[in-house]
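Notes follow once the structure below has been shown.
Quick note: the coordinates plus some simple rules give every number you see, no bench work behind them. In this text the structure is predicted, and so the values were computed from the model without any measurement. Reconstructed Cβ throughout: ideal geometry from the backbone, glycine too, with neighbour counts over all protein chains shown.
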Amino acid sequence: MSSNLELAYKLACEKYAEYGVDVAKAVEALNKISLSIHAWQGDDVVGFEDTNHALTGGCQVTGNYPGRARNSEELRQDLDLALSLIPGKHRVNLQGHQVDKMLPGVDRDAFTIENFSGWLDWAKAKGIGMDLAPAFYSHPKLDNGLSLSHPDKGIRDFWVNHGIACRKIGAEFGKALGTPCISNFWAPDGFKDKPADAFAPRQRLAESLDRCFAEAIDPAFERDAVEAKLFGIGTESCTVGSHEFYMLYAPSRNKMLCLDSGHFHPTESIGEKLSAIFTFMDEILLHVSRGVRWDSDHVTTINDELLAIARESVVYGYSDKIHYALDYFDASINRIGAWVIGARSFQMALLIALLEPHCMLWDAEGKFDFTSRLALQETAKSLPWGAVWDYFCASNNVPTGAGYMAAIKDYEKKVLLNR
Ligand code: RNT
Ligand code: ZN
């Protein structure tokens with residue numbers, strides 16, 4: 001570590017001490033937060049099935065930057081580089097169609113750990129945890145935009161079996177890797193125009209989910225989350241799995257709620273929702289994303305929303321009950337850069353939150369001195385967190401600043417441009 005960097009860190013510690021903030025403690029807390037890195041940023045949510053079936057929508061990416069991973073081996077190679085440039089120890093999150101290999105005659109409803117064996121070996125060798133989400137989209141059985149809520153029982157059965165298969169694969173991951181796999185259930189089901197019947201699809205969705213979750217699995221191996229959405233492309237008028245639907249479904253079935261920061265009205269903050277939810281729930285999954293005008297899945301950047309999510313998730317002491325995951329996909333820039341920039345931005349937001357002078361703020365608030373509280377909130381914005389971030393990166397042996405771009409550019413030239 002350079003002596004300038006160490007000196008800046010030392011001065012920052014002194015400055016923070018004036019505000020009653022223990023920097024070493026904040027750094028230690030940040031080191032403990034592991035993010036679930038979303039593998040689908042690397043393959044544009046296409047998956048690796050060799051069935052040549054059409055991608056029927058439900059999830060889509062814009063952009064055509066060169067170098068998309070075309071198979072799981074390429075994706076792991078890309079992830080190796082990304083993980084080496086993000087400080088700390090993290091997990092990897094897969095979608096149910098990002099198989100390592102296909103087996104003859106086996107479709108999504110019958111996948112087993114064998115379809116994901118390369119991922120398991122890789123995760124074992126790296127000593128990292130894995131998460132897995134069923135992919136209820138981009139498949140001919142997503143019919144008229146409906147999967148788990150489809151009126152046809154045969155179609156519902158197919159998707160229910162996919163959900164069950166993913167939970168079982170997740171349990172195998174969890175058992176082998178010694179850390180529970182989070183299975184996140186999100187289904188794109190919805191309607192472009194106002195449905196004449198919004199009730200029956202919701203009843204069918206609840207019933208299908210219940211069938212997916214019927215088998216109890218040891219939470220030490222696998223845990224389930226359910227993710228709502230306000231609207232998406234092609235589902236502008238009604239999403240079957242809406243916020244209200246899952247807000248009530250999750251606690252009634254003892255499942256985790258997954259909050260995706262792109263899935264609400266553009267002016268609605270999920271940061272604001274966290275303390276309300278934690279009053280009644282004690283474990284959630286966060287999908288950290290950045291919506292621009294809609295659920296556009298832009299790379300996370302340090303904006304007010306990200307700062308609010310980070311702040312509300314760490315200051316009250318429940319951050320160990322949050323599973324942090326990234327969820328965005330941008331194919332208009334280098335995909336490894338997208339992972340690294342977004343992950344590091346979220347970590348910076350978390351660090352800013354951990355370094356907030358909470359005690360002084362709470363003290364002013366306790367005295368109803370809202371003027372001092374506001375003055376302090378504004379002053380805190382210029383405290384020297386950048387020096388602490390550099391120290392954090394250097395002590396984790398990853399580049400400081402945008403120093404990671406050299407490795408990304410080199411890899412782009414040597415590997416990505418040859419794909
Ligand atoms: C989609 C949801 C979901 C997806 C993944 C790829 O709007 O956010 O989490 O991003 O299934
Ligand atoms: Zn999401």
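Couple of notes before you dig in:
- Dipole in debye (nearest 20) - the range 192-307, about Cα centre, beta carbon charges: Lys, Arg +1; Asp, Glu -1: 280 debye
- Values of log10 I(q)/I(0), in the order q = 0.15 Å⁻¹, for the range 278-370 under a Debye, Cα-only, solvent-free model: -0.66
- Violating pairs (Cα-Cα greater than 29 angstrom) within the set 273/367; 124/255; 124/273; 168/194; 141/409; 89/409: 124/273; 168/194; 141/409
- For the Cα trace of the range 107-231, dividing Rg by the Kirkwood Rh returns an Rg/Rh value of 1.02.
- In order through the range 252-259: 3J(HN,Hα) via Karplus (6.51 cos²θ - 1.76 cosθ + 1.60), integer Hz, x for Gly, Pro: 6, 10, 6, 10, 7, 8, 10, 10
- Projecting the Cα positions of 8, 145, 125 onto the charge dipole of the range 1-156 (unit charges on Cβ atoms of Lys, Arg, Asp and Glu, taken about the Cα centre) puts 8 furthest along the positive direction.
- Gyration tensor (Cα) of the chain, equivalent ellipsoid semi-axes in angstrom: 36, 26, 19
- By DSSP, the beta bridges lying fully in the range 156-264 are antiparallel in about 20 percent of cases.
- Unit Cα scatterers, Debye sum, the range 185-247: log10 I(q)/I(0) for q = 0.15, 0.22, 0.24 Å⁻¹: -0.50, -0.90, -1.01
- Furthest towards positive pole of dipole, 20, 34, 57, structure part the range 1-67, Cβ charges: 20
- Rel. contact order, % - alpha carbon contacts under 8 angstrom, at least six apart, the range 1-84: 23 percent
- Restricting the range 139-210 to trypsin sites (Lys or Arg not before Pro) that sit in a DSSP loop and have at most 15 other Cβ atoms within 10 Å of their own Cβ leaves 192.
- Helix-only mean residue ellipticity at 222 nm for the chain, each DSSP H run of n ≥ 4 adding -39500 (n - 2.57), per residue, nearest 500: -13500 deg cm²/dmol
- The eigenvalues of the Cα gyration tensor, multiplied by 5 and square-rooted, give the range 1-144 an equivalent ellipsoid with semi-axes of 40, 16, 14 Å from largest to smallest.
- Cα centroid separation, the range 240-276 to the range 165-206: 14 Å.
- Applying both filters, DSSP loop and at most 10 other Cβ atoms within 10 Å, to the GluC sites (Glu not before Pro) of the range 124-229 gives 215.
- Spatial separation of Cα centroids for the range 1-72 and the range 342-391, in angstrom: 21 Å
- Cβ charges +1 (Lys, Arg) and -1 (Asp, Glu), total dipole of the range 122-257, debye: 260 debye
- Projecting the Cα atoms of 199, 216, 180 onto the charge dipole of the range 175-239, computed from C-beta unit charges around the Cα centre, puts 199 farthest toward the positive end.
- Charged neighbours of residue 372, selected by a Cβ distance under 13 Å, balance to -2 (K, R count +1; D, E count -1).
- Rounded to the nearest 20 debye, the dipole size of the range 1-121 about its Cα centre is 380 debye, using +1 on the Cβ of Lys and Arg and -1 on the Cβ of Asp and Glu.
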